[in-house]
Amino acid sequence: MSEIYSPSSENEVADFIKDCNSQGIPIEVIGHQTKPIGRLIQCSKSLHLKNLNGIIEYFPEELYIKVKAATSLATVESELDKKNQELSFEPPDMGFLYNGKSNKGSIGGAVACNLSGSRRFRAGALRDHILGFRGVNGKGEVVKSGGTVVKNVTGYDVSKLVTGSYGTLVALTEIVLKVQPKNEESQTLLIHNINLKKALNIFSKSMQTSVEISGACFYPAKMASFFKLNDLDTTTSITAIRLEGPKISVVERIDTLKKLFDEYKKTISVLENYQSRIFWKNTTDIQFFNNSSNLIVKIILPPINTDQFINKFENEELKYVVDWAGNLIWVEIPENDSVLLKQLRTEVIKLDGHLTIIKAPNHVRIKEEFLTTIDENIKVLSSKIKESFDPKKILNPGKMYSGI
């Protein structure tokens, strides 16, 4: 078991990393330990950031919040809720996937993994909402980037770079995020009993209108039964389109979509505000794979290629859900089916996409690549960036790529 160090300040983090750097000692950087994403690594020392928690400042009128990195996401959302504000990138609660119950983890963990929910295609990813950060690189140097207001974008690209780096570049200590007012109303237009190809066409047509959809997902019939909503038919496929905003606007835009898709009027229904919010929370939180013991992968594809990809594997009885208007596919694979995983990787590359293993047993996390992408230069670039921030490769070594 590795030696665990739990600092209480940024200076203590810097001193610890500087000491490990001088000795070439690898460090596993951890927060709340709620998201075992990435390759399984073994380090002689662990840097546990749990004591770096708390809200530093929150100015609702300036639309930003500054927090210490290990502050729980639940705490942040609770504070924002008091002012009727939210994180509009809709961070998922990964606890359902990993342990079968809610556990949102830390805001630093969400940033490190660039976790974004169903609104991502409309509102942008988490990395588009980070205004700045403080952290400690692999040399033990304190790094600062960005500002505290939306108009200040100094160093913004570095913030984006660190977001989604899985703790391999810096140990985050502080984070500044944009916040937004909550939407007054959420309603969801449902179309039942159509195939994926038709659903993707509906998404495309909806996005070409002025109705401003903020959610678009597709559940095959075999994946819909986990929902427990009174107004939702779970015996057929579900194609869902979310509209948000002032209530009068949402109602008008729902009517616009009903007219646009009049050919499906016999199978159209609407989830009102309360059930609509539950539907999208369940979707964002990946509750359709609740506590799965299998391997879960996240596949990003151009929506134009999504139907072709799924058709390739329909005979495999693939369990999948499509989100982000066709851009995201969640897939469940039997934990020991390395052949199917290899086939998925190959097809993803052919169709200009990338694949990330989100959940897997430890024996898979040790031997399998975590990321699969069409562009091999990304791995080369990642290595060069890693060398710049962490030349001795002591921060989460091998977490993203073997040897990096």
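The values are calculated or read from the model by the stated rules, or taken from the named source; none is laboratory data. A quick note: this is a predicted structure, and the numbers were derived from the prediction, not measured. Backbone-built Cβ (ideal geometry, glycine too); neighbour counts: all protein chains shown. Ligands, DNA and RNA are stripped out before the accessible areas are found, and what is left, the full protein with its side chains, is counted by its heavy atoms. Shrake-Rupley method; radii C 1.70, N 1.55, O 1.52, S 1.80 Å.
Computed from Cα positions, the angle between helix 10-23 and the longest principal axis of the chain comes to roughly 70 degrees.
Between the helical axis of 338-350 and the longest alpha-carbon principal axis of the chain there is an angle of about 80 degrees.
Relative contact order of segment 80-216: 26 percent, from C-alpha pairs under 8 Å at least 6 residues apart in sequence.
Once backbone amide H atoms are built at 1.01 Å from N, SER118 has THR284 as its partners under 5 Å, excluding neighbours fewer than 5 places away on the same chain. Using a/c under 1.5 as the rounded threshold, could you call segment 182-242 rounded, prolate or oblate? The axes a ≥ b ≥ c are square roots of the C-alpha gyration tensor eigenvalues, and prolate needs a/b larger than b/c, oblate otherwise. Because a/c hits 1.5 or more and a/b fails to exceed b/c, segment 182-242 counts as oblate.
For ASN291, the amide hydrogen comes within under 5 Å of the amide hydrogens of LEU97, TYR98, ASN99, GLY100, counting only partners 5 or more places away or on other chains and with H modelled in the peptide plane. Using the Karplus relation 6.51 cos²θ - 1.76 cosθ + 1.60 with θ = phi - 60°, the per-residue 3J(HN,Hα) values for segment 203-217 come to 4, 4, 5, 5, 6, 8, 9, 9, 6, 6, 6, 10, x, 7, 9 Hz, with x marking Gly and Pro.
Which of the peptides 258-267, 337-346 is most tightly packed, and how do the rest follow, judged by the mean count of other Cβ atoms within 10 Å per residue?
Numbers: 258-267: 12.9, 337-346: 15.7.
Highest-to-lowest ranking by the protection proxy: 337-346, 258-267.
Rounded, prolate or oblate: pick one for segment 186-287, where a ≥ b ≥ c are the square roots of the eigenvalues of its C-alpha gyration tensor, a/c under 1.5 means rounded, and failing that, prolate if a/b is larger than b/c, else oblate. In terms of gyration-tensor shape, oblate.
Just the number, please: carbon plus sulfur as a percent of the accessible area of segment 26-79, 1.4 Å probe, no ligands or DNA/RNA counted. Don't jump to the answer; show the numbers that get you there.
Working: 1000 of 2270 Å².
So the carbon and sulfur contribution to the accessible surface is 44 percent.
Report, to the nearest 10°, how far helix 377-389 tilts away from the longest principal axis of the Cα atoms in the chain, using its own Cα long axis and a range of 0 to 90°. Tilt of helix 377-389: around 40 degrees.
Here segment 167-238 has 43 percent of its accessible surface on carbon and sulfur atoms, given a 1.4 Å probe and all protein chains in place. In sequence order, segment 260-269 has phi-based couplings of 5, 10, 4, 5, 9, 4, 6, 10, 8, 9 Hz under the Karplus curve 6.51 cos²θ - 1.76 cosθ + 1.60, θ = phi - 60°, and Gly or Pro positions carry x.
Computed on segment 299-404, with alpha-carbon pairs under 8 angstrom and 6+ residues apart, the relative contact order is 23 percent. The residues packed around GLY95, meaning those with a beta-carbon under 11 Å from its beta-carbon, carry a net charge of +1 if Lys and Arg are +1 and Asp and Glu are -1.
Here's how it looks for LYS319: its modeled amide H is under 5 Å from those of GLU332, which are all 5 or more places away or on a different chain.
Considering only C-alpha atoms, what is the centroid distance from segment 15-64 to segment 243-290, in Å? First find each Cα centre; the distance between them is then 39 Å.
Using a ≥ b ≥ c from the Cα gyration tensor of segment 1-50 (square roots of the eigenvalues), is it rounded, prolate or oblate, where a/c under 1.5 gives rounded and otherwise the larger of a/b and b/c decides, a/b for prolate? Oblate shape, in that a/c is at least 1.5 and b/c is the bigger or equal ratio. For GLU212, put the label point 7 Å out on the Cα→Cβ axis and report which residues of segment 123-147 keep their amide N under 17 Å from it. Correct set: 123-124. Short-range pairs are left out: with C-alpha atoms under 8 Å and at least six residues apart, the relative contact order of the chain is 19 percent.
Each residue of segment 284-289 was assigned a 3J(HN,Hα) from its phi angle through the Karplus curve 6.51 cos²θ - 1.76 cosθ + 1.60 (θ = phi - 60°); the sequence is 4, 7, 6, 6, 5, 10 Hz, with glycine and proline shown as x. Taking all protein chains into account, the per residue accessible area for the chain stands at 44 Å² (1.4 Å probe).
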